[in-house]
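In what follows, a single structure is set out as structure tokens and then discussed.
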Amino acid sequence: MEEDAGKSIHDGFADSATRTYVDLNRCGTPLVEIVSEPDLRTPDEAYEYLNRLKEILLFAGVSDCNMEEGSLRCDANVSVMPRGATKFGTKVEVKNVNSFRYIRSALEYEIERQIEVIESGGRVMQESRTWNAAEGRTYSMRSKEAAASLRKHASGIRLKAAPSPCGARNRLTTTAISLSPICRR
């Protein structure tokens, strides 16, 4: 857990192409970060994962998941590897994306960007990037290569799994209660 430090706004203003605005209205709001294993291989898998996670959060009542208001945001780490390789390359973090559709687009763009860098003989830099939906591309925010102070270490927290919305749907369907808005297949 941590506290919200504010929100950068990159879209929605006449000068958004050259300026970023900062909204400090949510400062101090508690945040919970959910970190998944790097098991997702495509933007579509990430999109599906995020939709399932949102269902769980809504079902558990821990968030309204309103992405436009900042109740749910997504950061995604992206790294690519050549076919036949066994180790992924340098990871790049795409930060604070506020739409599942945008995260899918950001991942599609970032995968192609990294492939182009590698194929042209370049080196992917470890950095944080932001998604610009209007331009359909990511931009560098800060390098992580020399910023040891930005590195975070995960602690070994274990959570007991609560019933999933799909499991509840399956149990309750037998009693003629339909929860299809919670868990669609």
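The values are calculated or read from the model by the stated rules, or taken from the named source; none is laboratory data. Given the structure is predicted, the values throughout are model-derived calculations rather than measurements. Cβ coordinates were reconstructed from backbone atoms using ideal geometry, including for glycine residues, and neighbour counts include every protein chain displayed.
Name the pairs: first residue in the stretch 79-96 and at negative phi, second residue of a type in the set (Asp, Glu) and surrounded by fewer than 17 Cβ atoms within 10 Å (Cβ to Cβ), Cβ to Cβ under 6 Å, at least 6 apart or on different chains?
Glu93/Asp75; Lys95/Asp75
Could you list, in sequence order, all residues of the stretch 112-147 that are within 10 Å of Val92 (Cα to Cα) and either under 16 Å from the mean Cα position of the chain (by Cα) or not basic (Lys, Arg) (or both)? First the steps, then the outcome.
As a first pass, look at the stretch 112-147 and keep what is within 10 Å of Val92 (Cα to Cα): 114, 124-129, 140, 143-144.
Scanning the stretch 112-147 gives Gln114, Val124, Met125, Gln126, Glu127, Ser128, Arg129, Ser140, Ser143.
So Glu116 fits all but one of (1) part of a helix (DSSP H, G or I); (2) exposed (fewer than 15 other Cβ atoms within 10 Å of the Cβ); (3) in contact with a Pro (Cβ under 8 Å, 6 or more places away or on another chain); what number is the exception?
With (1) part of a helix (DSSP H, G or I); (2) exposed (fewer than 15 other Cβ atoms within 10 Å of the Cβ); (3) in contact with a Pro (Cβ under 8 Å, 6 or more places away or on another chain) applied to Glu116, the lone miss is (3).
Condition first: surrounded by 19 or more Cβ atoms within 10 Å (Cβ to Cβ) and in contact with a helix residue (DSSP H, G or I) (Cβ under 8 Å, 6 or more places away or on another chain). Now tell me which residues in the stretch 83-99 satisfy that.
Val92, Val94, Val97
Any residue that is over 21 Å from Glu3 (Cβ atoms) and touching a Cys at 6+ places or on another chain (Cβ under 6 Å) - is there at least one of those in the stretch 40-49? Write out each step before concluding.
First pass over the stretch 40-49, keeping only residues over 21 Å from Glu3 (Cβ atoms): 40-49.
Of the ones still in play, those that are also touching a Cys at 6+ places or on another chain (Cβ under 6 Å) are none.
There is no residue in the stretch 40-49 that is over 21 Å from Glu3 (Cβ atoms) and touching a Cys at 6+ places or on another chain (Cβ under 6 Å).
For the stretch 101-113, which residues satisfy the criterion of being surrounded by fewer than 19 Cβ atoms within 10 Å (Cβ to Cβ) and either in a loop (DSSP other than H, G, I, E, B) or touching a helix residue (DSSP H, G or I) at 6+ places or on another chain (Cβ under 7 Å) (or both)?
The one that is surrounded by fewer than 19 Cβ atoms within 10 Å (Cβ to Cβ) and either in a loop (DSSP other than H, G, I, E, B) or touching a helix residue (DSSP H, G or I) at 6+ places or on another chain (Cβ under 7 Å) (or both): Glu108.
Pairs, please: C-beta under 8 Å, at least 6 apart or cross-chain, first residue more than 20 Å from Asp4 (Cβ to Cβ) and without any contact (Cβ under 8 Å) to a residue 60 or more places away in the chain and in the stretch 55-78, second surrounded by fewer than 18 Cβ atoms within 10 Å (Cβ to Cβ) and of a type in the set (A, V, I, L, M)?
Val78/Ile111
Only one of these conditions is not met by Ala60: (1) assigned by TED's automatic domain parsing to the domain that holds Arg137; (2) surrounded by 13 or more Cβ atoms within 10 Å (Cβ to Cβ); (3) over 25 Å from Arg123 (Cβ atoms). Which number is it?
Result: Ala60 fails condition (2) only.
Hey, any hits in the stretch 119-141 for a residue that's at pLDDT below 90, surrounded by 12 or more Cβ atoms within 10 Å (Cβ to Cβ) and not acidic (Asp, Glu)?
Scanning the stretch 119-141, I find at least one residue that is at pLDDT below 90, surrounded by 12 or more Cβ atoms within 10 Å (Cβ to Cβ) and not acidic (Asp, Glu), so the answer is yes.
Any residue at all in the stretch 6-28 that's within 15 Å of Asp75 (Cα to Cα), in a loop (DSSP other than H, G, I, E, B) and touching a residue at least 60 places away in the same chain (Cβ under 8 Å)?
no
Which one is farthest from the chain's Cα centre (by Cα) among residues in the stretch 1-56 that are surrounded by 13 or more Cβ atoms within 10 Å (Cβ to Cβ) and acidic (Asp, Glu)?
Applying the filter and picking the extreme gives Asp11.
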